[in-house]
Amino acid sequence: MTIAPGSAEELAVAAHARARRTNSAHRAQVDDYIGRLRKALELLPRDRIIEVGEVLLTAYRNDKQVFTLGNGGSSSTASHMAADLAKNTIGPNLKRFHVSSLSDNTSIITALANDLGYDRVFSEQLVNVICAGDVLIVMSASGNSLNVLRAIHYARLQSVETIGLLGFDGGEAAALVDIPIVVRSDDYGIIEDVHLAINHMLVEYFKEHLAESRPWVA
């Protein structure tokens, strides 16, 4: 059957061919992203993730606080982690875990940014609140955000355990925190995805070991 040039049939065939090419290109992009994500996950330092899990358990047992923070997409992960850790100590005969995100209060963040500068929006929230033995978890793809670095510096002065979920080469934060976990990628999306996966790994580790330790038993 011959299709007349410019006919409805020819236009339909051309549209179908374009759709197939588009679908093929999209599939290749999806496959590439999944491959990069898988590689970043495989390169994670498992021993350090386990070490952070132990730090969280120790903080919980000793009635210490945990603070999380991050900018942009990392602020969402910081909130997510705070919610997950706090929620999973709600149960019969369980004491609560004191976990909060410094990224959650828009009013205090904008007030501090307006009056003192954005570089102090996290460190100023820690003043007179954070104590020796507490834990600070920072999330930063670059590891170079000034407000994140200021918070780490202040926490270290207060003898606080510092943890960094980082990306790229870890930036300045990698050399400042006690336990750096660097996602070996130069893609913000991949880094943020893996940070959220690490959160879920830590929450699962915490839940399982919390159940094993039976803290409600004297």
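Computed from the coordinates by the stated procedures, all read-outs in this text should not be read as laboratory data. Bear in mind the structure is a predicted one, so any value in this text is a computation, not a measurement. Using ideal geometry, Cβ is built from the backbone for each residue, glycine included, and neighbour counts are taken over all protein chains shown.
Roughly how tilted is helix 8-42, in degrees to the nearest 10 and between 0 and 90, from the longest Cα axis of the chain? Approximately 30 degrees, to the nearest ten.
About its Cα centre, the chain has a charge dipole of approximately 340 debye under the convention of +1 per Lys or Arg Cβ and -1 per Asp or Glu Cβ, with nothing else charged. Computed from Cα atoms, the angle from the helix 73-87 axis to the main principal axis of the chain rounds to 50 degrees. Put simply, the chain fits an ellipsoid with semi-axes of 43, 22, 17 Å; these come from the alpha carbon gyration tensor as the roots of five times its eigenvalues, largest first. For Pro45, the shell of other residues with beta-carbons less than 15 Å away shows a net charge of -2, using +1 for Lys and Arg and -1 for Asp and Glu. Adding -39500 (n - 2.57) for every DSSP H run of four residues or longer, then dividing by how many residues the chain holds, sets the calculated 222 nm ellipticity at -18500 deg cm²/dmol.
A DSSP coil position with no more than 16 other Cβ atoms inside 10 Å describes the following chymotrypsin sites (Phe, Trp or Tyr not before Pro) in region 140-218: Trp216. Contact order for the chain, expressed relative to its length and based on alpha carbon pairs under 8 Å spaced 6+ residues apart, stands at 21 percent. Ala113 sits among other residues whose Cβ lies under 12 Å from its own Cβ, and their net charge, with Lys and Arg +1 and Asp and Glu -1, is -2. Other residues lying with their Cβ under 15 Å from the Cβ of Gln158 contribute a combined charge of -1, Lys and Arg counting +1, Asp and Glu -1.
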